[in-house]
1. Quick check: is even one residue across segment 201-211 within 14 Å of ligand 2 (Cβ to nearest atom), buried (at least 22 other Cβ atoms within 10 Å of the Cβ) and basic (K, R)?
2. Within segment 186-200, track down each residue that is open to solvent by 40 Å² or more (accessible area, probe 1.4 Å) and either over 17 Å from H136 (Cβ atoms) or more than 10 Å from ligand 1 (Cβ to nearest atom) (or both).
3. Within segment 35-45, identify whether any single residue is in a loop (DSSP other than H, G, I, E, B) and modelled with pLDDT of 95 or more, and answer yes or no.
4. So P203 passes all but one of these: (1) free of Cβ contacts under 8 Å to residues at least 12 places away in the same chain; (2) within 10 Å of ligand 1 (Cβ to nearest atom). Which condition number does it fail?
5. Condition (residue is without any contact (Cβ under 8 Å) to a residue 60 or more places away in the chain and within 13 Å of C69 (Cα to Cα)) applied to segment 101-110: is it met by at least one residue?
6. If I go through segment 105-116 residue by residue, how many of them are under 25 Å from T205 (Cβ atoms) and open to solvent by 50 Å² or more (accessible area, probe 1.4 Å)?
7. For segment 146-193, enumerate the residues that are within 22 Å of A217 (Cβ to Cβ) and hydroxyl-bearing (S, T, Y).
Amino acid sequence: MTIPWEGSVEADLFGTRRDESIGPGAMILRGFALDPGIPAQIARMTAVSPFRHMQTPGGRQIGVEMTNCGALGWVSDRRGYRYEHDDPLTGRPWPEMPDQFQRLAEMAAKRAGFAGFQPDACLINRYVPGVKMGLHQDRDEARFDAPIVSVSLGLPATFQFGGPDRGDPVAKHALNHGDVVVWGGPSRLNWHGILTLKKGDHPVTGPVRINLTFRQAA
Ligand code: MD3
Ligand code: FE
C-alpha cells in the first residue's frame, strides 16, 4: 500500500536525503539547523529577555521556561494566552528576530512546501530533565494558513504527534540537536507534546534542551 504523503521517504541511494514526512503537511528536516551561530544568538537574546516560568490562566506554573524574540512574543498569565509586543518582565520589546533565524525558518518552510513563510514570532523554550510539555494545540495565532517551524537544540526529546482531535492516536518521533520540523496545511492544528526530558549532557547546550518555534502570529 502506498500513502500519498510518504512520497518524500523514497529511496535515498546516496544517503544525502534527510527529510522525513510524518503526516500530511508535516516534515522533519534532520540536521537542518546545525549552524553554531544559533546557540550564540540565543545566549545573546536571553541575556536581555531571560528565560522565565510563566503562569497558566489557572494559576499553575508552566514547567518549560520560556522567552521570545521577534515583533510578537507568546505569553501566558492569569489573564490568558496571547501574543504581546513587549516582554512583561522588562517592559521593553522582545529582542529582534535575528536575520539568520528568519532565513532559516523561511528556508525550512520552503523545503517542506510552504514558500513565503514570514514569521513574526519566535517562542524559545528551555527544558531541563524532568520537564515535559503536555498534549496541546497551537491556536493562539490570528490565522492558521501559515505553517509552524520548530528547531530542536541540545538534549534529545521524544515528540508526540497526534491528529486534529484530542483522542486521535499519537505517533512518537525522536528530535535531536539540529532537527527542524515544519507543520502546515492539514496538520497545523494537530495535537502535540514533548515527553518528560531525560537527563544528559550535550556538547552544545549542556544539561538542557532548547526549542525555537517560529510562527506567524498576527
Ligand atoms: C505540531 N513546542 O511551543 S515543537 C510549543 O519542542 C511546542 O518545545 C514543542 O509545542 C517543543 O507550542 C514541540 C513545536 C510544534 C509547534 C506547533 C505545532 C509542533 C506542532 C503545530 C502542529 C503540530
Ligand atoms: Fe505547541
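The values are calculated or read from the model by the stated rules, or taken from the named source; none is laboratory data. Since the structure is predicted, the reported quantities are computational estimates derived from the model, not experimental observations. Cβ coordinates were reconstructed from backbone atoms using ideal geometry, including for glycine residues, and neighbour counts include every protein chain displayed. Surface accessibility is based on the protein's heavy atoms, side chains included, excluding ligands, DNA and RNA. Shrake-Rupley method; radii C 1.70, N 1.55, O 1.52, S 1.80 Å.
1. No, segment 201-211 contains no residue that is within 14 Å of ligand 2 (Cβ to nearest atom), buried (at least 22 other Cβ atoms within 10 Å of the Cβ) and basic (K, R).
2. Those that are open to solvent by 40 Å² or more (accessible area, probe 1.4 Å) and either over 17 Å from H136 (Cβ atoms) or more than 10 Å from ligand 1 (Cβ to nearest atom) (or both): P186, L195, T196, K198, K199.
3. Yes: segment 35-45 contains one or more residues that are in a loop (DSSP other than H, G, I, E, B) and modelled with pLDDT of 95 or more.
4. (2)
5. Yes - at least one qualifying residue is present in segment 101-110.
6. 3
7. Correct list: S150, S152, S187.
Residues are listed down the side, and each one gets a yes or a no for (1) without any contact (Cβ under 8 Å) to a residue 12 or more places away in the chain; (2) open to solvent by less than 40 Å² (accessible area, probe 1.4 Å); (3) on the phi > 0 side of the Ramachandran plot; (4) outside any strand (DSSP E or B):
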{"residue": "P50", "(1), (2), (3), (4)": "no, no, no, yes"}
{"residue": "G59", "(1), (2), (3), (4)": "no, yes, yes, yes"}
{"residue": "Q118", "(1), (2), (3), (4)": "no, no, no, yes"}
{"residue": "I124", "(1), (2), (3), (4)": "no, yes, no, no"}
{"residue": "P129", "(1), (2), (3), (4)": "no, no, no, yes"}
